[in-house]
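Each remark here refers to the structure printed beneath this line.
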Amino acid sequence: MDNQPTLWGNENAEDFRRSLELQNFGLIRHGLSLDEIDEAAAAYANFTDNLPDPPLELVEAMIPRGDDPKVVGDLLDNLDYDQDDPDKYEWHKYRTNYPEFAKPGGYTNRSLQTEALYKVRGITVIDDPKEFYHFHPTSTVSMNEIHRERGWGSLPPEVDQLHAKLMRIHNAGADATRFAYQALEDTHPEILPKHFGPKDVHSSPLRVLLYHRDLSEPLLSTKKDDQPLAGAHTDKAAFTIQVAESHLGLWLNDESQFIDREPEFAVGFAGKTLNRPSAYPESTVNPGWHGVKNKPEASRGRQLHGQNAARTAIIFFANSLLAGTVLDKAETHTRPDELVDNLLPDEAVA
């Protein structure tokens, strides 16, 4: 299609490093078959299509109190699990949600949360029309522990089936990150032992992301053709590996240029944490400024799964426990060159 960025760095480490430094992203072979990715997407559809969501009143009650949409909108991941009384509520998908580094593990549904706040609390919080699922190698153990503690019963088989498919892709995402970090080793000393050891790998989520086709208020009023699904931002993580997407729509640097690649390649780019003072503040690799638009063109070799899916993607986020995470949303939603322009002269020099 038209408006394609230059793609290189799809074979050796040196080309990949050069691609990162010159255009803020590169391609990496992820080592997965078409079937492995398709089966994982189908397993997530089986989970989300066949298991229930909690009622709106419970969703609203779990979100911190407050009537300021901006404040509440920044607290959607801070859930009060005490509100979920097993004597009052049947099992639902939000019981897979559990505290983790940076963002919760398990299931999160932004469309459902915004609907609950709108209909129950009477406030309008606008977010991306999506749900996502964060998988870690320890997800099953963490979910079973919280189920035992809270008397929530047992995990349904759909969760175990999903985790079995996601483990292989999580491993592939970790391997792709190691390839990227090895390519950066000369200019980022000890990046692997310091920032991607075994504990970092376990803290790094594989995200299954599903954008919704049918929306309710307040998000329904925002729906348009070719709409931005994810606004322009940099990621919080140290590094991002977009393994697959069902449709074109991911752009980097220029929102008119979409990444169209062969299905054996993932897209890799740095996140904000790589440049933190506790990591590599002088890095020659800039965080990937990117977003997602709603495009009708299917990606090569991909299939769409899910009754209410407009688009799906599978993404690995490499975290660093040593570097920490970005807490201020303004840091990730302001274009990097604008951050520099907004500094006072003394701050820009420091």
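Every number in this text was worked out from the coordinates using simple rules, so none of it is lab data. On a predicted model such as this, the values are computed, not experimentally measured, just so you know. With ideal geometry, Cβ positions are generated from the backbone for all residues, glycine too; neighbour counts draw on all protein chains shown.
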Discussion item. Can you show me the helix-derived [θ] at 222 nm for the chain, built from DSSP H runs with n ≥ 4 at -39,500 (n - 2.57) apiece and divided by the number of residues, rounded to the nearest 500.
Written reply: -9500 deg cm²/dmol
Practice prompt. Go ahead and run the numbers for FRET between residue 154 and residue 284, Cβ-Cβ distance against an R0 of 51 Å, rounding to 0.05.
Written response: 0.55
Worksheet entry | Rounded to 10°, Cα long-axis angle of helix 139-150 versus longest principal axis of the chain | 30 degrees
Item to complete: Please go through the residue pairs 119/293; 119/165; 199/295; 70/194 and name each one whose alpha carbons sit more than 32 Å apart in this structure.
Response: 119/165; 199/295; 70/194
Worksheet item: Taking the Cα centre of each part, how many Å lie between the range 246-320 and the range 25-95?
Response: 20 Å
Item to complete: With only Lys, Arg, Asp and Glu charged, each at its Cβ (+1 for the first two, -1 for the last two), find how big the charge dipole of the chain is about the Cα centre; round to the nearest 20 debye.
Response: 320 debye
Worksheet item: Stretch residue 254-residue 222 to full length: gain in nm at 0.36 nm per residue minus the Cα-Cα span?
Response: 9.3 nm
Discussion item. Between 0 and 90 degrees, rounded to the nearest ten: what's the tilt of helix 157-184 against the longest Cα principal axis of the chain?
Written reply: 20 degrees
Worksheet, complete the sentence: With a ≥ b ≥ c from the Cα gyration tensor eigenvalues, square-rooted, and the rule rounded for a/c under 1.5, otherwise prolate when a/b > b/c and oblate otherwise, the range 89-195 is oblate
Response to the item:
Between the Cα axis of helix 34-50 and the main Cα principal axis of the chain, the angle (0 to 90°, nearest 10) is 30 degrees
Discussion item. Starting from the 7 Å offset along Cα-to-Cβ, what nm value, one decimal, do you get for the label separation of residue 144 and residue 34?
Written reply: 3.6 nm
Worksheet item: In the range 21-116, which GluC sites (Glu not before Pro) are in a loop and have at most 14 other Cβ atoms within 10 Å, using DSSP for the loop call?
Response: 90
